[in-house]
Amino acid sequence: MGIVVNLDVMMAKRKMGLTELAGEVDITLANLSILKNNKAKAVRFSTLASICKALDCQPGDILEYVPEEDDPARPGD
């Protein structure tokens, strides 16, 4: 899987909608939606920092590494 974006989880915890967050972060609704739905290929640190500020969280609350099923570096194999 690689990197999983848990933005929707943090937004739900903070009871914040996509439109409100997009306004606070100054990002388009379309780009925020791409990030929220795990379709983004990259994210700028400045954008990540703004999202963390708006949601009062850490980057690790939003981004998670999930090893691939066939990843040879995965522990226990």
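The table below lists the values:
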{"item": "Modelled FRET efficiency - R0 30 Å, Lys53 with Met1, Cβ distances, 0.05 increments", "result": "0.65"}
{"item": "Computed helical MRE - 222 nm, the chain, DSSP H runs ≥ 4 contributing -39500 (n - 2.57), nearest 500", "result": "-13000 deg cm²/dmol"}
{"item": "Sites Leu29 and Val66, calculated FRET efficiency, Cβ-Cβ separation with R0 22 Å, nearest 0.05", "result": "0.25"}
{"item": "Volume per residue of the C-alpha convex hull in the chain, rounded to whole Å³", "result": "99 Å³"}
{"item": "Dipole in debye (nearest 20) - segment 2-66, about Cα centre, beta carbon charges: Lys, Arg +1; Asp, Glu -1", "result": "140 debye"}
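Readers should treat all values here as calculations from the given coordinates under stated rules, not as data from a laboratory. The shown structure was predicted, so the numbers you read here are calculated from the model rather than taken from an experiment. Quick reminder, even Gly has a Cβ in these numbers, built from the backbone with ideal geometry, and neighbours come from all protein chains shown.
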